[in-house]
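Here is the structure we will look at.
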There are 2 protein chains.
Amino acid sequence: MSRGDAGLFLSEDNVALATDLYELTMAAGYVRARRNEPASFELFVRSLPPLRSYLVVAGLEQAVHYLQCIRFTDDSVRFLRSLPVFRDVSDGFFEYLRKFRFRGDLDAMAEGTVAFAGEPLLRVTAPLIEAQIVETYLLTTINYQTLVATKAARIAAAARGRAVVDFGSRRAHGPQAGLLAARAAYVGGCIGTSNVLGGRLLGIPVFGTQAHSWVMAFDDEQEAFRAYLDAFPEHTTLLLDSYDTLAAARKAAALGPRVAGVRLDSGDLAALSRRVRRILDKARMQKTRILASGDLNEHLIAGLVRRRAPIDAFGVGTELVTSKDAPALGGVYKLVEQQVGGDWVPRLKQSEEKETYPGRKQVYRLLDERGHCRGDVIALEGEAPYGEPLLAPVMRRGRLVGPLPSLAQARSRAAEALARLPGRFRRLHAPAHYPVRWSRRIQALREETLRTLETGR
Amino acid sequence: MSRGDAGLFLSEDNVALATDLYELTMAAGYVRARRNEPASFELFVRSLPPLRSYLVVAGLEQAVHYLQCIRFTDDSVRFLRSLPVFRDVSDGFFEYLRKFRFRGDLDAMAEGTVAFAGEPLLRVTAPLIEAQIVETYLLTTINYQTLVATKAARIAAAARGRAVVDFGSRRAHGPQAGLLAARAAYVGGCIGTSNVLGGRLLGIPVFGTQAHSWVMAFDDEQEAFRAYLDAFPEHTTLLLDSYDTLAAARKAAALGPRVAGVRLDSGDLAALSRRVRRILDKARMQKTRILASGDLNEHLIAGLVRRRAPIDAFGVGTELVTSKDAPALGGVYKLVEQQVGGDWVPRLKQSEEKETYPGRKQVYRLLDERGHCRGDVIALEGEAPYGEPLLAPVMRRGRLVGPLPSLAQARSRAAEALARLPGRFRRLHAPAHYPVRWSRRIQALREETLRTLETGR
């Protein structure tokens, strides 16, 4: 174990082990059973989390990076050999792992695409073992970023044009989650993040104000405010609620229009923002912005907007980065088609309430004459197109077919896709159910596959 | 940006930027204001999440690793200089960052300690800037692992001695969160994880069964089962619900006692486990264990145990790694004392519902004659002891005072601490409120500090 390991950081050297054990035991079983013909797996979300009516897809860039860099180092192979479960496994498997590279195909919805339940967000087609081994990592990557991008879209919608900034790193599920959340929140509509590494690695605009500790570290609040303004003459946002918000607002007002902003972090934000606005305006500080924070979510923000609270920007933390009301996205990754003796055979899972549709699929979006979404059709790949196809080739034989869109492009795509979605599907409460139908051919294939299974047993 | 950056991995080179921007702007402000006398910050949880009556502390090892390795690389400093907010900041600050090392003191509760609302879980004493800069990372590290260790303890308690395994990587908030969850779940009472990297880096026992795709990849379920058993003659757990659970159980029974286990993943687990148990027993497979999985949590597991479902082990995923019913822990990190001109001055935050207690603290646990916990006292450091002190020195001047306990020791500590906690404080529903009181001296200091603040303004 190297020194860095105590931090529990992922790296290109250990990322292949960031997976469920059964992916690797199944791989060993397939090697032994000499089953490695091509197979297609699709990643989709069976049903959306409560209140969600759409998803904003995110995380593809990290998924692609993983597929490009996954390999089993000597150290990893040695570790696996040491596990009791692999004791009876022959050398052939470990040789296979040593040479393992992902050389399959990836088709996916671009990041920022708006998607719905049942729709494949991505498909991997590769020799069975390759396609299987990458399951866990693809799921965790797409599940989390899509969860946060979707939550961010809801929050940004509630803010109706006011800025929303991700402030959630300290409550994210570990340091990497904070970074992934910053990225996904930006795709979903936040204008930036407090996470500095998000700025460094992704070019996301970074924002910050000051903490209570700054104010507490000075004997006098006014002195604390002045010292900050001295240090950041053009970028000072003063935190008002360390002791008494309105008293602090008057101290901020005494410093004049150079104060770029003030932050409210507790109390009745609607009432306080009005009173603070008046104090600032009296001091001719019309340009000084009011930022609000403190356990905000889309519902609270919608309430503040409805009450016309004079708040210019919202800092959102816990609720955003944990998607607190629905902290998991149930993406699954299912075998849908497989070559057997050179022929492609559709596959499905039949268990109660968890049935799947067989066959490689394409998702088409139907638009009306004004460009608004009318509904989607999930069809078999190769059927005559129904509309705009949403899945596109991303990798062929392990290589990118072209550069991935930039993060800014993903963000624009999300904004455009959401704008095309009629308002009834975007309501925060009781949104209308977006129509997604299965093509006749896919339904027929499903019936046929079920019949074959019945006969087979 | 190096190629690895697209994976958004943390590393010792970039970890210093995994923080909120305001930590660094405040640092720049303190450098400018020449304020860098020693200060103490304490990390505590104001109120426990719903239904929680205790916390199991976890994450200290990663916090210590961070404090040991944090440094600002040339690349990081260049990036910060490029941000508009730092435009007016003098070179002195960037020089300070280049030389930055954490050389402060850390006192903390050992991992596995059972703790309660208001109690400091750790304290940093260092020059003000050092103590401030590390805030965000310490919070995200302790918040998440403590959240999951606590959830794991609840789930393990519900299982009443049956094994609980972490199966949650695919629903964790990114790949690193899956690894952190595996660690914290183990501290909290899980017997292992499906996360292979958790096995490699932490020595946690790893477990796995098989996925539906294995069964679906064969034309015939029986053939799929036999192929797995051939590959893993002593470690085969068969997944029964790909098509029809009871039919699958009969196929498993046909393979005889070499089948180590079967897994139920959907349907009425109590009823199915009984029928499957009967099928296995008839085939003289009394030693074949039944594992249940599928969106389980502490309440569902308690229900299965109450109904005497013959389930030997539980695989728990989403609910565990996202702590789904309460997916965030609101740990905060507050300035409590600070040197001003060489004298230590207590500090507190006074804002509505978010007041803090000033002064460096110690937490004492009071035990009755049978060794059961009676309650805790939060006192000032240096007061005459009330019982067993829970905070101990971990680092002095940036160096470990001794080796940290092993992960196994942290896990034992949690088990022992929970066993000392009377059952009424451990109920899943409506647990009794554990008595934590503030010493008279700390209350007096609080009153005095508040009076000083009133006078000061």
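What the table below lists for this structure:
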quantity: Shielding of B:138-148 by partner chains, average beta-carbon count, 10 Å; calculated: 4
quantity: Within segment A:425-457: backbone nitrogen closer than 20 Å to the residue B:220 label point (7 Å, Cα to C-beta); calculated: A:449-457
quantity: Total charge dipole magnitude, the protein assembly as shown, about the Cα centre, Cβ charges on Lys, Arg, Asp, Glu only, Debye to nearest 20; calculated: 1300
quantity: Two-decimal log10 I(q)/I(0) for segment A:262-389, as the Debye equation yields it once each C-alpha is a single scatterer, q = 0.10 Å⁻¹; calculated: -0.65
quantity: Isotropically averaged projected area of chain A, using the convex hull of Cα atoms (one quarter of hull area), nm²; calculated: 25.9
quantity: Residue-averaged beta-carbon neighbours from other chains (10 angstrom radius) around A:214-223; calculated: 6
quantity: Cα gyration tensor category, rounded, prolate or oblate, for segment B:1-120 with a/c compared to 1.5; calculated: prolate
quantity: Potential extension, residue B:368-residue B:82 segment - 0.36 nm per residue separation minus Cα distance; calculated: 97.0 nm
quantity: Segment A:314-367: trypsin sites (Lys or Arg not before Pro) falling in loop per DSSP and having at most 12 other Cβ within 10 Å; calculated: none
quantity: Extended-chain gain in nm, criterion 0.36 nm per residue less alpha-carbon gap, residue A:396 and residue A:416; calculated: 4.4 nm
quantity: Rounded to 5, the percent of DSSP beta bridges in the protein assembly as shown classed as antiparallel; calculated: 65
quantity: Radius 14 Å from Cβ of residue A:181, net charge of other residues (Lys, Arg +1; Asp, Glu -1); calculated: +2
quantity: Long-range HN-HN contacts of residue A:314 with modeled amide H, under 5 Å; calculated: A:163, A:164, A:165, A:292
quantity: Environment charge of residue A:365, counting only residues whose C-beta is closer than 13 Å and scoring Lys/Arg +1, Asp/Glu -1; calculated: -1
quantity: Backbone N under 17 Å from the residue B:282 label point (7 Å along Cα→Cβ), restricted to segment B:251-269; calculated: B:251-257
quantity: Assigned charges on the beta-carbon of Lys, Arg, Asp, Glu; segment B:149-321 dipole about Cα centre (debye); calculated: 760
quantity: Number of partner chain Cβ atoms within 10 Å, mean per residue of A:316-322; calculated: 3
quantity: Computed Kirkwood radius, in angstrom, where 1/r is averaged over Cα pairs of the protein assembly as shown; calculated: 28.7
quantity: Relative packing of B:42-52, A:88-98, which averages over residues the other C-beta atoms within 10 Å, highest first; calculated: B:42-52, A:88-98
quantity: Space enclosed by the convex hull of the alpha-carbon atoms of segment A:368-407, per residue, Å³; calculated: 130
quantity: For residue B:427, residues with placed amide H under 5 Å, excluding near neighbours; calculated: B:432
quantity: Ordering of B:155-168, B:64-77 by burial proxy (mean other Cβ atoms within 10 Å per residue, highest first); calculated: B:155-168, B:64-77
quantity: Cα gyration tensor shape of segment A:1-60, rounded if a/c is under 1.5, else prolate or oblate by comparing a/b with b/c; calculated: oblate
quantity: Calculated on alpha-carbon atoms, Rg and Dmax of segment A:149-321 in Å; calculated: 15.6, 44
quantity: Lysine pairs with alpha-carbon atoms under 17 Å apart, chain B, spacing 8 or more or separate chains; calculated: 7
quantity: Rounded tilt (10° steps) of B:221-231 against the dominant C-alpha axis of chain B; calculated: 70
quantity: Charge sum, other residues only, whose C-beta stays under 12 Å from residue A:286's C-beta, Lys/Arg counted +1 and Asp/Glu -1; calculated: +4
quantity: Teacher prompt: residue A:220 distances to equivalent labels in other copies, 7 Å Cα→Cβ, nm; calculated: 8.9
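Throughout, read-outs are computed from the coordinates displayed, never taken from laboratory work. Only a predicted model underlies this, so the values are computations on that prediction, with no experimental measurement involved. With ideal geometry, Cβ positions are generated from the backbone for all residues, glycine too; neighbour counts draw on all protein chains shown.
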